[in-house]
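The values are calculated or read from the model by the stated rules, or taken from the named source; none is laboratory data. This structure is a prediction, so every number in the text was calculated from the model and none was measured. In this analysis, Cβ positions are derived from the backbone assuming ideal geometry, glycine residues included, and neighbour counts consider all displayed protein chains.
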Amino acid sequence: MFQSNDLSRAIFHTDWVGSDRSLQQTLILFMVVTNKPLKVTLGAGTFTMSIPLFISICRTAYSFFTILRKFA
């Protein structure tokens, strides 16, 4: 579902070797950032929630919201 690692691999396999140095540095930085797994931290970083769990909670909350809105 979340393919940040695939994104960094796709960038690496593009034809960036012959490009200017500024673009190379930007792409390398982007590859480093997208190589880290996505996570949501709550509070002062005391609780870390995975992205799939966060999406599940958002979907459930939206379902409850639409049900309540329907009866209001």
Next item on the list: Name every residue in the stretch 1-34 that is part of a loop (DSSP other than H, G, I, E, B) and hydrophobic (A, V, I, L, M, F, W, C), in order of residue number.
Entry: M1, F2, W16, V17
Check: Does F64 fit the bill of being farther than 22 Å from S8 by Cβ and in a helix (DSSP H, G or I)?
Finding: yes
Check: If P37 satisfies every condition in (1) part of a helix (DSSP H, G or I); (2) touching a helix residue (DSSP H, G or I) at 6+ places or on another chain (Cβ under 9 Å) but one, which is the exception?
Finding: (1)
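Filter the stretch 33-72 down to the residues that are among the β-branched types (V, I, T) and modelled with pLDDT of 85 or more and list them by number.
I55, I57, T60, T66, I67
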